[in-house]
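Undergrad: What follows is a single structure, and I will ask about it in a moment.
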Amino acid sequence: MSPSRHGARYVGQPAPRVDALEKVLGSARFLADITLPGMLHARALRSRLPHARIKRLDVSPALAIPSVHAVITNDDFIDHGSYGFPVKDDYMLAHEKVRYVGDAIAAVAAETPEAALAGVQAIICELEPLPIVSDVTQALDDDAPQVGPDRADGEHPNFLSRSIVNAGDAAAELNVADVVLQDEFSTPHQEHAYLETEGALAIPTPEGGVVIYCSNQSPFINRDNVAMALGLPPELVRSIQPPVGGSFGGKDDLNYEASAQCAALALKTGRPVRMIFSREESMVASYKRNAMKMWVEVGAQKDGTLRVCRFRGLLDSGAYASESPFTAWRASIHAMGAYRYAAVDIDVTAVYTNNAFSGAFRGFGNPEVNFAIEQMMDELATKLDMDPMDLRLQNALRLGDHLPHGQKLDESVSLVQCLDAARQKSDWDRKRREFARHNASNEIKKGIGVAALFHGLSLGAEGADYAGATIRIDDNNRIILTSGFTDYGQGSRTVFTLIAAEVLGVRPERIDMLRPDTDTAIESGPTVASRATVLGGNATRLAAANLRHTLDLAAADLLGCQVAQLVRDEETYIGPEERPIPWEDIAAHARSLGLQLSAQGRWQAPSIHWDHNAGRGEPYFAYHFAVQVAEVTVDMGTGQVQVDDIWAVHDLGKVIFPQGAEGQVYGGIAQGLGYALSERIDYVNGYLQQTNFDRYRIPTAPEMPRIHITLLEDALSAGPFGAKNVAEPAMVPTAAAIANAVAHASGRRIRHLPITLEQVLLGRNLMRPATADRARRGLLL
Amino acid sequence: MQITFSLNHQTIEIDAPADITLLTFLREHLGVTGVKDGCDVGECGACAILLDGQLVNSCQLLAPQADGREIITIEGLRAADGGLTDLQRHFIDDGAVQCGFCTPGMILAGEALLAKNPTPDREEIADALAGNLCRCTGYIQIFDAIAATARERQAQTTTGERP
Ligand code: FES
Ligand code: FES
């Protein structure tokens, strides 16, 4: 009864996004659109210093304001509200110290947002400044101010994590290689810039618990954090997710803090409490993509065969660990690129500083290392007088190869096909030649560049990898589907709907895919690392198959035949006597037989193992492969870079929701474009210089290049219908491809993002006048 | 201050505080939550409305400035039968919606463009959206939806289906 035998009816076919209707009508209720009777407004007092001891905190002046109903500090939480994973180093409200500008210290609930702000401004908060470290290369100096927590193991307190990959004898290989290249690269912080800012709404319940509405990524983690911080049993905390206005990895920690703060204030006042961040508050306080410094050495033979990669990365985690240890680990795994080597020696170290803090962001360390290694490939090609495409083809990982990490690649390895397709679709060979000729005599230069990637699916050795789904048929014969995964715009609810429709043989319109809610869904771990399609898709597939089995038994009973004799015509069941029975009648018959029309599915990812000390093992159970080519125009008079076209070739295993898959690629490329050219974040002495969209410039519509997408389908047996994920890899290679194209056009190799006018013209970034004011003003302090 | 204006085809007489933005007034006082707050400084277009047919950012106006004007928000954009407009349907069909936070502003920007220029090319569409940020879609499918709507309206005009 495998649907694919007859060609898929819903999977891979054009379908609308399940939540598009309410969004085009403007009726979707985002968090800030939910208002309740008696609801109070909350606001946090945030630190105006990058590092300080809290000497005195007196909230009584705030409480004296008539419309202020409650003020909380870390004393209102169990264990001062300590939370964090994998390192428990953060607090729901700062305890003893603040470690970055924007660190939350106290929270006020009042009748109006204005009164809440007045309350925040009335709090007496004396801060004793502490020395800061904001340069990542000084964080581990003996005399560096301590940012990280005390530690007993003798490591520097600002040391957070080290991740290594080891293969062969890198030192020996570097000695004997025909060519060795060495360079330094850096990538800056990046702001997620979701159009909807953070926030939470907490409603106290009659039994002493709390219901949280929050646009977070992982409702179950939110529930557990709130329960822990308030000392409530998890059953008394329910976390529900309204529509989420974008996330990209960014709606974890700060939203957990906002949830716990609102929950504590709601319990204290007995009223619903809502907190919505202003844009400035969001930009100053929220975590960013980690800034990273990288030192790379590659060695190769004269004929272009890669031999060795040595890579040192220093990752700025900022004030707290958040998910930086995972980001650093993922960066280390992907640092050498999607190539064969005789030896690698990779070390990515994460450290604490007073630069706000960093955490999960689409790509999770891979866009950073890809920017370095893919430029090294082009530098090597130049050195060896080879075409960059040829160099990559010669060294690309192929089916049956071993990763340098030690893992054999035995299916769905399509890098060579991606390179071939990108080369052909972009008309690479002709343009490389003709642009070189054109550029010799023109100020306005043209360039074309390529970057390739591999990207491990799901959490890998980062954590336990499983997902659950539930499905049931209600009394109106509607099918209700749940998943613990969040849809923050990427389309996973539609993906799950199409999978369930396909497996059950019912129209997708019959299915209601519920939003995540800890009371109805099964815990599925965090919605990060492009996990949703494969993990959630498989759990959905299994749940639907279990339910289908029940219906098939009922159908066979009604039709007086064996299950194997059943035939389907759209939803209708047909038995050996050609008698068609509507799907609803089968469901009714199942009920009359006393069968339960509900099922669950749980899917566990294939087991993998990583040895952190040896730096060897199987980091992920499968990999996404892709290639992007960028064509640019560079004006050598002004330094202006314009990206004209991007060809994106991605292997998705199987495309389940075509419109959604393409949307992920377009959107990923746009974020990569901003990362490459315009999204500049500067922390000067710990103060953020860009606090709203006027200075933090994400790509606008007129800046978008033409984008040509090619989706390959080299099926992954462990994927639902063969599918792999795409949300993260889409942005990984864009910046590197653009930088390589700029080098082809201008002859300038730009190793530090973003690629600004002055870098193109002068080869370096100019310092801009910096100020502490903007960040403070943004916090209204 | 007492003002009178038309909101989504209905005349409203109301007292409007002089010290709040039109965005806050629409959202918090009138419950028009399809108008979104994305930045409050006039940079993102999430709060866009049609004011006498012109696309404007409501966070950059004060509430009393609505006096005597005609305002259309996403809630006021409906086909004659009360259902989806062709542009809204194309937003769905062409994948122009991801998280949906920018969507109301984008659809209004599309309508403002098509009212002025019924046959825009891709560059004209992109320029018309320059004040509306979207972090999810990369804009491409939004261009597609607007272009498809323009083509459809043109075809209907020439066949006389639509005045
Ligand atoms: S909220 Fe008005 S332009 Fe952003
Ligand atoms: S769809 Fe998310 S901002 Fe546009």
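Undergrad: What do you reckon, is B:Thr21 within 25 Å of A:Pro37 (Cα to Cα), within 11 Å of chain A (Cβ to nearest Cβ) and within 16 Å of ligand 1 (Cβ to nearest atom)? First the steps, then the outcome.
TA: Details: within 25 Å of A:Pro37 (Cα to Cα): yes; within 11 Å of chain A (Cβ to nearest Cβ): no; within 16 Å of ligand 1 (Cβ to nearest atom): yes.
No.
Undergrad: Any residue in segment A:175-196 that's closer than 30 Å to A:Gly667 by Cα: show its pairings with residues that are among the hydroxyl-bearing types (Ser, Thr, Tyr) and assigned to a helix (DSSP H, G or I) at Cβ separation under 7 Å, as long as the two are six or more apart or on different chains.
TA: Going by the 7 Å Cβ cut-off, the qualifying pairs are A:Gln190/A:Tyr675.
Undergrad: Restricting attention to segment B:13-26, does a residue exist that is under 11 Å from the mean Cα position of the chain (by Cα) and of a type in the set (Val, Ile, Thr)? Can you show your working first?
TA: If we filter segment B:13-26 for residues that are under 11 Å from the mean Cα position of the chain (by Cα), which is where we start, we get none.
Looking through segment B:13-26, none of the residues is under 11 Å from the mean Cα position of the chain (by Cα) and of a type in the set (Val, Ile, Thr).
Undergrad: Of the conditions (1) open to solvent by 10 Å² or more (accessible area, probe 1.4 Å); (2) in the same structural domain as B:Ile140 (by TED's automatic domain parsing); (3) in contact (Cβ under 8 Å) with a residue 40 or more places away in the chain; (4) within 16 Å of ligand 2 (Cβ to nearest atom), B:Pro104 satisfies every one except a single condition; which number is it?
TA: For B:Pro104, the failing item is (1).
Residues are listed down the side, and each one gets a yes or a no for (1) among the hydrophobic types (A, V, I, L, M, F, W, C); (2) more than 21 Å from the chain's Cα centre (by Cα); (3) within 14 Å of another protein chain (Cβ to nearest Cβ):
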residue: A:Ala229; (1), (2), (3): yes, yes, no
residue: A:Pro243; (1), (2), (3): no, no, yes
residue: A:Gly250; (1), (2), (3): no, no, yes
residue: A:Ser259; (1), (2), (3): no, no, no
residue: A:Leu265; (1), (2), (3): yes, yes, no
residue: A:Phe277; (1), (2), (3): yes, no, yes
residue: A:Ala291; (1), (2), (3): yes, no, no
residue: A:Gly299; (1), (2), (3): no, yes, no
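Undergrad: Starting from residues that are more than 28 Å from A:Glu728 (Cβ to Cβ) and among the charged types (D, E, K, R), keep the ones in segment A:212-250 and report whichever is farthest from ligand 1 (Cβ to nearest atom).
TA: Once the filter is applied, the top-ranked residue is A:Glu235.
Undergrad: Tell me, which residue of segment B:123-160 that is among the basic types (Lys, Arg) and more than 14 Å from ligand 2 (Cβ to nearest atom) is surrounded by the most Cβ atoms within 10 Å (Cβ to Cβ)? I'd like the intermediate steps shown before the answer.
TA: We begin by selecting, within segment B:123-160, every residue among the basic types (Lys, Arg); these are B:135, B:151, B:153.
Okay, now just the ones that are also more than 14 Å from ligand 2 (Cβ to nearest atom), so B:151, B:153.
Working: B:Arg151: 13, B:Arg153: 17.
Among those residues, the one meeting the criterion is B:Arg153.
Undergrad: On the basis of being touching a Cys at 6+ places or on another chain (Cβ under 9 Å) and more than 16 Å from ligand 2 (Cβ to nearest atom), does B:Thr24 make the cut?
TA: Numbers: touching a Cys at 6+ places or on another chain (Cβ under 9 Å): yes; more than 16 Å from ligand 2 (Cβ to nearest atom): yes.
Spelling it out, B:Thr24 is indeed touching a Cys at 6+ places or on another chain (Cβ under 9 Å) and more than 16 Å from ligand 2 (Cβ to nearest atom).
Undergrad: Being surrounded by 19 or more Cβ atoms within 10 Å (Cβ to Cβ) and part of a loop (DSSP other than H, G, I, E, B) is true for just one of A:Val665, A:Val726, A:Val760. Which residue is that? I'd like the intermediate steps shown before the answer.
TA: Details: A:Val665 fails: part of a loop (DSSP other than H, G, I, E, B); A:Val760 fails: part of a loop (DSSP other than H, G, I, E, B).
Being surrounded by 19 or more Cβ atoms within 10 Å (Cβ to Cβ) and part of a loop (DSSP other than H, G, I, E, B) holds for just one of A:Val665, A:Val726, A:Val760, which is A:Val726.
Undergrad: Right, something else. Do the conditions hold for A:Arg515, that is, is it crowded, with 21+ Cβ neighbours inside 10 Å, modelled with pLDDT under 95 and among the basic types (Lys, Arg)? Before you say what the answer is, go through the steps one by one.
TA: Values: crowded, with 21+ Cβ neighbours inside 10 Å: no; modelled with pLDDT under 95: yes; among the basic types (Lys, Arg): yes.
It is false that A:Arg515 is crowded, with 21+ Cβ neighbours inside 10 Å, modelled with pLDDT under 95 and among the basic types (Lys, Arg).
Undergrad: Looking at segment B:3-27, which of its residues are in contact with a helix residue (DSSP H, G or I) (Cβ under 9 Å, 6 or more places away or on another chain), of a type in the set (D, E, K, R) and surrounded by fewer than 20 Cβ atoms within 10 Å (Cβ to Cβ)?
TA: Residue satisfying the conditions is B:Asp19 alone.
Undergrad: A further question follows. For segment A:679-733, give me each residue that is closer than 30 Å to A:Arg392 by Cβ, among the polar types (S, T, N, Q) and more than 20 Å from the chain's Cα centre (by Cα).
TA: A:Thr710, A:Ser717
Undergrad: Another question, then. Determine whether segment A:374-396 contains at least one residue that is more than 26 Å from A:Ala177 (Cβ to Cβ) and either open to solvent by 10 Å² or more (accessible area, probe 1.4 Å) or of a type outside the set (A, V, I, L, M, F, W, C) (or both). Lay out the reasoning, then the answer.
TA: At the first step, the residues of segment A:374-396 found to be more than 26 Å from A:Ala177 (Cβ to Cβ) are none.
Scanning segment A:374-396 turns up no residue that is more than 26 Å from A:Ala177 (Cβ to Cβ) and either open to solvent by 10 Å² or more (accessible area, probe 1.4 Å) or of a type outside the set (A, V, I, L, M, F, W, C) (or both).
Undergrad: Oh, and also: So B:Gly76 ticks every box in (1) surrounded by fewer than 23 Cβ atoms within 10 Å (Cβ to Cβ); (2) more than 17 Å from B:Glu43 (Cα to Cα); (3) out of contact with any His (no Cβ under 8 Å at 6 or more places or on another chain) but one. Which box is left unticked?
TA: Against the list (1) surrounded by fewer than 23 Cβ atoms within 10 Å (Cβ to Cβ); (2) more than 17 Å from B:Glu43 (Cα to Cα); (3) out of contact with any His (no Cβ under 8 Å at 6 or more places or on another chain), B:Gly76 comes up short only on (3).
Undergrad: How many residues does segment B:42-85 hold that are outside any loop (DSSP other than H, G, I, E, B), within 14 Å of chain A (Cβ to nearest Cβ) and free of Cβ contacts under 8 Å to residues at least 60 places away in the same chain? It would help to see each step written out before you state the result.
TA: From segment B:42-85, those outside any loop (DSSP other than H, G, I, E, B) are B:48-51, B:54-60, B:62-66, B:70-72, B:74-76; that's our starting set.
Narrowing further to those that are within 14 Å of chain A (Cβ to nearest Cβ): B:48-50, B:55, B:57-60, B:71-72, B:74-76.
If we keep only those that are free of Cβ contacts under 8 Å to residues at least 60 places away in the same chain as well, we get B:49, B:58-60, B:74.
Total meeting the criteria: 5.
Undergrad: On to the next question. Of the conditions (1) at the interface with another protein chain (Cβ under 7 Å from one of its Cβ atoms); (2) open to solvent by 10 Å² or more (accessible area, probe 1.4 Å); (3) touching a Ser or Thr at 6+ places or on another chain (Cβ under 9 Å), B:Phe91 fails just one. Which one is it?
TA: Every condition holds for B:Phe91 apart from (2).
Undergrad: Pick from segment B:72-101 the residues that are among the aliphatic types (A, V, I, L, M) and more than 10 Å from ligand 2 (Cβ to nearest atom): which of them is modelled with the lowest pLDDT?
TA: At the first step, the residues of segment B:72-101 found to be among the aliphatic types (A, V, I, L, M) are B:72, B:74, B:77, B:79-80, B:84, B:87, B:92, B:96-97.
Narrowing the set further to residues that are more than 10 Å from ligand 2 (Cβ to nearest atom) leaves B:72, B:74, B:77, B:79-80, B:84, B:87, B:92.
Working: B:Ile72: 98, B:Ile74: 98, B:Leu77: 97, B:Ala79: 94, B:Ala80: 91, B:Leu84: 97, B:Leu87: 98, B:Ile92: 97.
Among those residues, the one meeting the criterion is B:Ala80.
Undergrad: Please specify each residue of segment B:1-38 satisfying the condition of being within 24 Å of A:Arg279 (Cβ to Cβ) and in contact (Cβ under 8 Å) with a residue 60 or more places away in the chain.
TA: Passing the criteria: B:Gly34, B:Val35, B:Lys36, B:Gly38.
Undergrad: Could I ask something else about it? Specify the residue that is farthest from A:Gly667 (Cα to Cα); the eligible residues are those in segment A:694-712 that are open to solvent by 40 Å² or more (accessible area, probe 1.4 Å) and at the interface with another protein chain (Cβ under 8 Å from one of its Cβ atoms).
TA: Once the filter is applied, the top-ranked residue is A:Asp694.
Undergrad: Only one of these is aliphatic (A, V, I, L, M) and within 29 Å of A:Arg776 (Cβ to Cβ): A:Val726, A:Val684. Name it. Break it down into steps so the answer makes sense when it comes.
TA: Details: A:Val726 fails: within 29 Å of A:Arg776 (Cβ to Cβ).
On inspection, the qualifying residue turns out to be A:Val684.
Undergrad: So which residues in segment A:158-201 are more than 16 Å from ligand 2 (Cβ to nearest atom) and part of a loop (DSSP other than H, G, I, E, B), if there are any at all?
TA: Correct list: A:Asn158, A:Gly168, A:Asp169, A:Ala177, A:Asp178, A:Pro188, A:His189.
Undergrad: Could you list all residues from segment B:117-156 that are without any contact (Cβ under 8 Å) to a residue 40 or more places away in the chain, among the β-branched types (Val, Ile, Thr) and in a helix (DSSP H, G or I)?
TA: Correct list: B:Ile125, B:Ile140.
The values are calculated or read from the model by the stated rules, or taken from the named source; none is laboratory data. Bear in mind that the values here come from a model prediction, so they are computed numbers and not experimental data. For neighbour counting, all protein chains shown are included, and Cβ atoms are generated from backbone atoms with ideal geometry for every residue, glycine included. When the accessible area is computed, the model is the full protein with side chains, heavy atoms only, and any ligands, DNA or RNA have been set aside. Shrake-Rupley method; radii C 1.70, N 1.55, O 1.52, S 1.80 Å.
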